[in-house]
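Step one of this worksheet: look at the structure below.
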Amino acid sequence: MRTPFIIGNWKMNMDTEKVRDFSEKLKKIDLNENVRAGICAPYIFLKEMLDEFADKNIKIGAQNAHWEDSGAFTGEISAEMLRQIGVNLCIIGHSERREYFGETDDTVNKKLIKLFEKEMIPVLCVGENIDMREAGRHKEVVDKQIKRDLASIDKDKVSKMVIAYEPIWAIGTGKSATPEQAQEMCKHIRSIIGTLYDSDTAGSVTIQYGGSMNPDNVKELMNMPDIDGGLIGGASLDAEKFSKLINFEN
Ligand code: PGA
């Protein structure tokens with residue numbers, strides 16, 4: 001059985017005061033221990049978040065990492081640096097990084113290889129834009145991303161990772177994919193993993209849906225058989241809303 005995994009993606013949001021306020025509030029709320037939870041915060045808040053949640057069942061993650069351990073890469077943070085401070089979760093290949101920061105399937109692949117080497121859990125984001133969806137080419141787009149992103153990565157690693165299906169048209173728009181649309185693609189992703197690897201690996205990999213997930217639609221989405229979790233942007237910035245997402249079964 002796959003354990004549900006709810007991860008917040010703060011993107012370039014929050015500030016010192018808001019982080020403190022969020023942590024204080026979230027720590028006071030009882031969270032379902034049977035749901036895995038994580039928060040991917042801006043680099044600058046990671047140390048504080050690690051300290052705040054050290055004895056809580058919440059993983060603290062980054063939103064990107066460089067594939068080299070060190071070197072002349074001004075402005076970058078390596079997976080090795082993150083590992084050293086205790087970060088063990090990292091988003092890779094988010095559509096915003098692919099769109100605005102030149103992330104390609106090749107760099108995503110290098111980053112994934114490095115995160116596995118550092119024994120971190122990668123959250124690989126894939127998903128189509130509205131044009132591809134309207135042209136009926138969404139599965140084709142996601143197939144290509146997954147095949148290229150996972151090139152040369154073996155099945156033991158894939159079975160422990162997270163793949164987040166995030167249709168770009170649903171991100172930050174308030175217009176979530178329907179549970180049926182999300183299920184269809186998550187099932188498809190599981191079948192690609194089955195074809196590339198084997199049925200055990202397909203059965204073990206955690207597949208999340210992301211794109212305007214919120215306390216009102218989480219239950220319906222999580223009820224779908226191939227949706228194992230959520231990657232949540234906007235609704236993860238508020239401790240109360242985020243706790244409702246983790247406690248979706250209540
Ligand atoms: P959203 O973002 O929940 O605000 O739509 C999701 C994401 O980009 O990970």
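Points worth noting:
- Residues in region 1-48 that are in contact with a Leu (Cβ under 7 Å, 6 or more places away or on another chain), more than 20 Å from residue 124 (Cβ to Cβ) and among the aliphatic types (A, V, I, L, M): 14 alone.
- Residue in region 199-206 that is within 16 Å of the ligand (Cβ to nearest atom) and on the phi < 0 side of the Ramachandran plot present: yes
- Residue match in region 155-167 (condition: at pLDDT 95 or above, over 18 Å from residue 202 (Cβ atoms) and crowded, with 17+ Cβ neighbours inside 10 Å): yes
Residues are listed down the side, and each one gets a yes or a no for (1) more than 18 Å from the chain's Cα centre (by Cα); (2) within 30 Å of residue 170 (Cβ to Cβ); (3) of a type outside the set (Gly, Ala, Ser):
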position: 57; (1), (2), (3): no, yes, yes
position: 61; (1), (2), (3): no, yes, no
position: 68; (1), (2), (3): yes, no, yes
position: 72; (1), (2), (3): yes, no, no
position: 75; (1), (2), (3): yes, yes, no
position: 89; (1), (2), (3): no, yes, yes
position: 92; (1), (2), (3): no, yes, yes
position: 97; (1), (2), (3): no, yes, yes
position: 104; (1), (2), (3): no, yes, yes
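- The conditions of being in contact with a helix residue (DSSP H, G or I) (Cβ under 9 Å, 6 or more places away or on another chain), more than 22 Å from residue 82 (Cα to Cα) and either within 14 Å of the ligand (Cβ to nearest atom) or among the hydroxyl-bearing types (Ser, Thr, Tyr) (or both) are not met by residue 140.
- When 146, 168, 193 are screened for being within 21 Å of residue 94 (Cα to Cα), within 15 Å of the ligand (Cβ to nearest atom) and touching a helix residue (DSSP H, G or I) at 6+ places or on another chain (Cβ under 6 Å), only 168 passes.
- Residue in region 177-198 that is buried (at least 21 other Cβ atoms within 10 Å of the Cβ) and outside any helix (DSSP H, G or I) present: yes
- Residue count for region 111-137, restricted to those that are crowded, with 22+ Cβ neighbours inside 10 Å and over 15 Å from the mean Cα position of the chain (by Cα): 2
The values are calculated or read from the model by the stated rules, or taken from the named source; none is laboratory data. Because the structure is predicted, anything quoted here is derived from the model rather than measured. We place every Cβ from the backbone using ideal geometry, glycine too, and count neighbours over all the protein chains shown.
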